[in-house]
Amino acid sequence: MPGARSDRKGKTESAVGHTQKTPLKGLRFETIEEAQTHLDRWDANWADKRIHGTTKRQVAAMFEEERPHLLPLPIEPFRYYQHSERTVRLDGHVEVEGAYYAAPPGMIGARLPVQWDGERVRLLDRTTGQLMREHLVQHRGGYRTPEADKPTKTPQTTLQLLARAHHGGRQIGALCVEIHRCDGEIGVKRILGVLSLARKHGGPTVDAACAAALDMGVPTYRFVRRYIERRIAPQLALRQIDPLIRELTQYRDLINHMTKETE
């Protein structure tokens, strides 16, 4: 804190223990408002009127002298961050609680200190501790990338990847182009996922799934994967695999025998 004095730290913090041991000791309150009312009354009737042990002056009188010099409280409350370290991925982002945040360019593979709460994610310099990037929290699976970090031209490696997608199938190529149009370089990983599905399940199967994704307006790798999983899911069939389960003909014969005895 600017202007703080280390030689006063102990004296300042001792006031917390003094408050706990003096006006609050042995008392219980049903609500926080009730406790606050008790402390306000104690401040007005005792704490403010006492003579300070070091200055030998009344506390309330000293506070009135200092009041004009006090700054207003900040509008935003003090923020409490979680702390950890993250490695910058190949796409230039770090992962925090399932979302991805851009690090400064040229830091792929670096380990960065990261702070985050419910509203912001902060990336710090490992050596100096200075703030390098601050992002608003993104939903799980989402990306935060400044416009300045996005390439102005499509990298040659991405163009080659899109060409591979077109060779895999017409609809596969169209879907991968749409993924890149929507997600930019972040979508490269998803394009690789589509090509991986084509190697695993065959080009025609994945091409049909991509056609369905485009027709339905959901050009995503996730849709294609789930579409294929549902199409190739094995059909469950009833099979007699337990020796305790008898043939149906035995039940038929038993019923016929019992019917004749009844007659």
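The values are calculated or read from the model by the stated rules, or taken from the named source; none is laboratory data. All values derive from a computational prediction rather than experimental measurement. Because the Cβ atoms are built from the backbone with ideal geometry, glycine has one as well, and the counts that use them run over all protein chains shown. We work out accessible area using only protein heavy atoms, side chains counted, and drop any ligands, DNA or RNA first. Shrake-Rupley method; radii C 1.70, N 1.55, O 1.52, S 1.80 Å.
Where strands (runs of 3 or more DSSP E) fall wholly inside region 53-103, the ranges with 3 or more residues that are out of contact with any helix residue (DSSP H, G or I) (no Cβ under 9 Å at 6 or more places or on another chain) and open to solvent by less than 100 Å² (accessible area, probe 1.4 Å) are 82-87, 93-96.
Restricting PRO155, PRO146 to those that are exposed (fewer than 12 other Cβ atoms within 10 Å of the Cβ) and over 23 Å from the mean Cα position of the chain (by Cα) reduces the list to PRO155. Residues of region 1-42 that are assigned to a helix (DSSP H, G or I), farther than 21 Å from PHE78 by Cα and modelled with pLDDT under 85: ASP7, ARG8, GLY10, LYS11, SER14, GLY17, HIS18, THR19, GLN20, LYS21. Only residues that are over 20 Å from GLY142 (Cα atoms) and either among the charged types (D, E, K, R) or within 12 Å of the chain's Cα centre (by Cα) (or both) were counted across region 83-118, and they come to 1.
Go through region 212-263 and report how many residues are at pLDDT 85 or above and either of a type outside the set (S, T, N, Q) or over 17 Å from GLY173 (Cα atoms) (or both).
Of the residues in region 212-263, the ones at pLDDT 85 or above are 212-230.
Subset that is either of a type outside the set (S, T, N, Q) or over 17 Å from GLY173 (Cα atoms) (or both): 212-219, 221-230.
Of the residues in that region, 18 qualify.
Applying the condition of being of a type in the set (A, V, I, L, M, F, W, C) and either out of contact with any Phe, Trp or Tyr (no Cβ under 6 Å at 6 or more places or on another chain) or in a loop (DSSP other than H, G, I, E, B) (or both) to region 117-137 and asking which residue is least open to solvent (accessible area, probe 1.4 Å) yields LEU123.
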